[in-house]
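What follows is a single structure, written as structure tokens, with notes after it.
Just so it is clear, none of the values below were taken in a lab; they were calculated from the coordinates. A quick note: this is a predicted structure, and the numbers were derived from the prediction, not measured. With ideal geometry, Cβ positions are generated from the backbone for all residues, glycine too; neighbour counts draw on all protein chains shown.
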Amino acid sequence: MQQLFFLALAAIALISGVLVVFQTHPLRSALWLIVNFFAVAGLYLLAHAEFIAAIQIIVYAGAIMVLFLFVIMLLNLRRPEEAPPGYRLGQKLAAVALAALSAVVLVYGFFQAQIPLAKETTVSVGNTESIAQSLFTNYLLPFEVTSVLLLVAIVGAVILSKSKLK
Amino acid sequence: MVVPLHYYLGLSVALFALGVVGVLIRRNILVILMCIEMMLNAVNLAFIGFADAFKAVDGQTFVFFVMTVAAAEVAVGLALVVAIFRHRATVYADDLNILKW
């Protein structure tokens, strides 16, 4: 049953991913990417990561994609995407070859990974409490650095958005 | 029946490769950024799959950090796109060839 759900959600994720890449208008790409994010959120639920699934929908499908749609509509693109002649096919082939190469490297890496035996934990993994426990004990320093990262991103975005880019 | 780990890893590899294809063949910077988001999602999926298989919460904590980096990257990236559009009136990577030899 769970495998059936997994396969259905994986099919949705892959099909919407293909549509993201091969749509001509960026608005349609963005809308298909939202479908992709929802499918991946469903996969997180299947993997007992309820908190991450909620964060995925709120942050990715909510905040980030709204930002994308806002910028796409702000720029109001009319000209369709076109390629210089005699340049497109070879580039496509090279892109697919490189992507296949990266996939092969990833699969090889996954097979080479030394997988230790899992520690038997009785705590139910994935609830918000255990993530918070991990976040504020083992990963306290990265958590604080993350806040600095967000501050830097905010300052950078504000400076870039100023009308005079000098 | 539980979903085996290699299902998650296989889907993760497929989504990542799809993102690589998108980054390499598309010319619109916005779509390139979206494909980068898709690649980050593929990595998150691998993290979640491992976290579920090993019953360890560290994978989910890392996904949290990856999402933070993704949000920061999108904010700065879209600000850059808007700034470039103001300056050059284009969002196509082909038109930004001033550094090209």
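Given their separation in residues at 0.36 nm each and the Cα-Cα distance between them, residue B:92 and residue B:80 gain 3.0 nm when the chain is fully extended.
Between the helical axis of B:58-88 and the longest alpha-carbon principal axis of chain B there is an angle of about 10 degrees.
Ordering B:18, B:5 by the number of other Cβ atoms within 10 Å of each residue's own Cβ, fewest first, gives B:5, B:18. The long axis of helix B:5-25 is offset from the longest Cα principal axis of chain B by roughly 10 degrees.
By the beta-carbon count within 10 Å of each Cβ, the least crowded to most crowded order of A:25, B:87, fewest first, is B:87, A:25.
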